[in-house]
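Notes for the one structure printed next.
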Amino acid sequence: NSPQQDLQRRSLTAVWHPCTQMARAAVVPPLPIARGEGAWLYDFEGRRYFDANSAWWVNLFGHSDAGINGAIKQQLDTLPHVMLAGCTHEPAVRLAERLSARTGGALGHCFFGSDGASAVEIALKQSFHSWRNLGRGEKREFVCLKNGYHGETIGALAVTDVAIFRDAYDPLLMRAHIVPSPDSRLGNEADALAAMRALLAERQGQIAAVIVEPLVQGAAGMVMHEPSYLKALRELTREFDVHLIADEIAVGCGRSGTFFAWEQTGADWPDFILLSKGITGGTLPLSLVLTTEEVYQAFWSEDVTRGFLHSHSYTGNALACAAANAVLDRFDAGQLAANREQADLLAQAFAPLAQDGRI
Ligand SMILES: *Cc1c(COP(=O)(O)O)cnc(C)c1O
């Protein structure tokens, strides 16, 4: 047996692969990867593969990026991890400050999680708990968009509308409201907003928050909408006194042309922005929940139980924060302009296909 086949066999025996029907994996076994460099993955037999989905959308600058790796190595020799309750550390503080600055201070309070789904759980809990602390505990319903995706833990799945991930667990899930989503190709923005308004009016006083993927519904099949939808949604959620959660786990970190997709709306900031995936450039799990002074103040009290007591063992992991700071260094050094150049090149390269009507 080659090392390649050997690893496949052992993986099928011992590893339960994610998002995989293992009976199918037995027929089409997982691809053993020996190393990654730039846009390429290499197997054990010297073949290389172009990583076109960036390792599930997490990789921003290619595999084995020297800058990010260097930052992690340096942090590893100093402080790999310490608990973030009762202690603090420089990489977490600096990361929180830098993300706050990118919102002009509007989202100045940063809570750390480990995966995208944990960021969604945190935002849902913070939204509900802040209303509860303000004496409005009846605001406990959530609104999400048709075909939206926010992760696969029980709370995140409750605001996710992708049947293949959701159906088996439906009996376990909190009941969220699912409203029509905008799709630029269909020109249905006004209808989507009217449906949202009708729901917010009907459930007035009962809704804690609306959660959306700004500009692009990724898992829905890259379904796009205009910034104008988000601007109108921000106004609607203000009118009905409902939090707005912008899940930028996929679209943030420069993926949509600005660091936060929200920057393109020209609207007030949402109450929460969630980041994960690209924030460590595809090296380590980390997620962030950025929120406002208003939400933060709702928890400020002599009473411990009015605080946000949520935690994960690896909350604010120093290695992951060091990687994220190295990613932000790249954006500070003009990464967005480089992204735009690449986007122009790709658009030119694909133009002939568009003319043929093939894309
Ligand atoms: C990937 C993703 C999540 C979930 O993140 P995980 O790290 O996979 O838990 C949530 N929301 C959006 C928009 C995503 O793309």
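Consider LEU199 carefully, then state whether it is in contact (Cβ under 8 Å) with a residue 24 or more places away in the chain, surrounded by 14 or more Cβ atoms within 10 Å (Cβ to Cβ) and more than 25 Å from the chain's Cα centre (by Cα). Before the answer, list the steps.
On the way: in contact (Cβ under 8 Å) with a residue 24 or more places away in the chain: yes; surrounded by 14 or more Cβ atoms within 10 Å (Cβ to Cβ): yes; more than 25 Å from the chain's Cα centre (by Cα): yes.
Judged against the criteria, LEU199 is a match.
Return the residues of region 238-284 that are acidic (Asp, Glu) and within 14 Å of GLY116 (Cα to Cα); say none if nothing qualifies.
So in region 238-284, the residues acidic (Asp, Glu) come out as 239, 241, 247-248, 263, 268, 271.
The answer is ASP247, GLU248.
Scan region 97-139 residue by residue and report those that are assigned to a loop (DSSP other than H, G, I, E, B) and either open to solvent by 20 Å² or more (accessible area, probe 1.4 Å) or within 16 Å of the ligand (Cβ to nearest atom) (or both).
Initially, region 97-139 is screened for residues assigned to a loop (DSSP other than H, G, I, E, B), giving 103-108, 114-115, 134-139.
Those that are assigned to a loop (DSSP other than H, G, I, E, B) and either open to solvent by 20 Å² or more (accessible area, probe 1.4 Å) or within 16 Å of the ligand (Cβ to nearest atom) (or both): GLY104, GLY105, ALA106, GLY108, SER114, ASP115, LEU134, GLY135, ARG136, GLY137, GLU138.
Out of region 140-163, which residues are part of a helix (DSSP H, G or I) and crowded, with 20+ Cβ neighbours inside 10 Å? I'd like the intermediate steps shown before the answer.
Here is the first cut: in region 140-163, the ones part of a helix (DSSP H, G or I) are 154-158, 163.
Listed by number, the residues that qualify are GLY155, ALA156, LEU157, ALA158.
Of the residues ALA208, ALA198, ALA192, ALA246, which is in a strand (DSSP E or B) and either more than 16 Å from the ligand (Cβ to nearest atom) or farther than 18 Å from HIS150 by Cα (or both)? Step through it out loud before you land on a result.
Working: ALA198 fails: in a strand (DSSP E or B); ALA192 fails: in a strand (DSSP E or B); ALA246 fails: either more than 16 Å from the ligand (Cβ to nearest atom) or farther than 18 Å from HIS150 by Cα (or both).
Result of the check over ALA208, ALA198, ALA192, ALA246: ALA208.
Of all residues being open to solvent by 60 Å² or more (accessible area, probe 1.4 Å) and either modelled with pLDDT of 95 or more or among the charged types (D, E, K, R) (or both) in region 332-347, which is nearest to GLY257 (Cα to Cα)? Just the residue, please.
Once the filter is applied, the top-ranked residue is ARG340.
Going by the structure shown, is ALA232 assigned to a strand (DSSP E or B) and either in contact with a helix residue (DSSP H, G or I) (Cβ under 8 Å, 6 or more places away or on another chain) or more than 16 Å from the ligand (Cβ to nearest atom) (or both)? Give the steps one after another, and end with the answer.
Details: assigned to a strand (DSSP E or B): no; either in contact with a helix residue (DSSP H, G or I) (Cβ under 8 Å, 6 or more places away or on another chain) or more than 16 Å from the ligand (Cβ to nearest atom) (or both): yes.
The answer is no for ALA232.
If we keep just the residues of region 267-280 that are farther than 25 Å from ALA52 by Cβ and open to solvent by 50 Å² or more (accessible area, probe 1.4 Å), which is farthest from the chain's Cα centre (by Cα)?
ASP268
Yes or no, residue by residue, for (1) touching a helix residue (DSSP H, G or I) at 6+ places or on another chain (Cβ under 7 Å); (2) closer than 17 Å to VAL159 by Cα; (3) β-branched (Val, Ile, Thr):
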site	(1), (2), (3)
ARG238	no, no, no
LEU244	yes, yes, no
CYS253	yes, no, no
GLY257	yes, no, no
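Restricting to region 281-309, count the residues that are in contact with a strand residue (DSSP E or B) (Cβ under 8 Å, 6 or more places away or on another chain), open to solvent by less than 30 Å² (accessible area, probe 1.4 Å) and either within 16 Å of the ligand (Cβ to nearest atom) or part of a helix (DSSP H, G or I) (or both). If you could, list the steps in order and put the result at the bottom.
Taking region 281-309 as the starting set, the residues that turn out to be in contact with a strand residue (DSSP E or B) (Cβ under 8 Å, 6 or more places away or on another chain) are 282, 286-293, 295-296, 308.
Narrowing further to those that are open to solvent by less than 30 Å² (accessible area, probe 1.4 Å): 286-292, 295.
Right, trim to either within 16 Å of the ligand (Cβ to nearest atom) or part of a helix (DSSP H, G or I) (or both) and you get 286-290, 295.
Summing the residues that are in contact with a strand residue (DSSP E or B) (Cβ under 8 Å, 6 or more places away or on another chain), open to solvent by less than 30 Å² (accessible area, probe 1.4 Å) and either within 16 Å of the ligand (Cβ to nearest atom) or part of a helix (DSSP H, G or I) (or both) in region 281-309 gives 6.
Give just the number: which of (1) open to solvent by 20 Å² or more (accessible area, probe 1.4 Å); (2) among the hydrophobic types (A, V, I, L, M, F, W, C); (3) in contact with a Phe, Trp or Tyr (Cβ under 7 Å, 6 or more places away or on another chain) does TRP262 not satisfy?
(1)
Of everything in region 235-259 that's in contact (Cβ under 8 Å) with a residue 60 or more places away in the chain and buried (at least 24 other Cβ atoms within 10 Å of the Cβ), which residue is farthest from GLY282 (Cα to Cα)?
So, considering only residues that are in contact (Cβ under 8 Å) with a residue 60 or more places away in the chain and buried (at least 24 other Cβ atoms within 10 Å of the Cβ), the one farthest from GLY282 (Cα to Cα) is VAL242.
Considering only residues that are part of a helix (DSSP H, G or I), within 13 Å of the ligand (Cβ to nearest atom) and of a type outside the set (D, E, K, R), which ones fall in region 255-280?
At the first step, the residues of region 255-280 found to be part of a helix (DSSP H, G or I) are 261-264, 277-280.
Restricting the remaining residues to those that are within 13 Å of the ligand (Cβ to nearest atom) gives 261, 277-280.
If the condition is that a residue be part of a helix (DSSP H, G or I), within 13 Å of the ligand (Cβ to nearest atom) and of a type outside the set (D, E, K, R), then ALA261, GLY278, ILE279, THR280 are the ones that fit.
Counting just the residues of region 212-226 that are crowded, with 21+ Cβ neighbours inside 10 Å and within 9 Å of the ligand (Cβ to nearest atom), which one comes out nearest to ASN147 (Cα to Cα)?
GLN217
The values are calculated or read from the model by the stated rules, or taken from the named source; none is laboratory data. Predicted, not measured: the structure shown is a model, and the values here were computed from it. Note: ideal-geometry Cβ built from the backbone for every residue, glycine included; neighbour counts use all protein chains shown. For the accessible areas, the whole protein counts, side chains as well, though only heavy atoms, and no ligand, DNA or RNA atoms are used. Shrake-Rupley method; radii C 1.70, N 1.55, O 1.52, S 1.80 Å.
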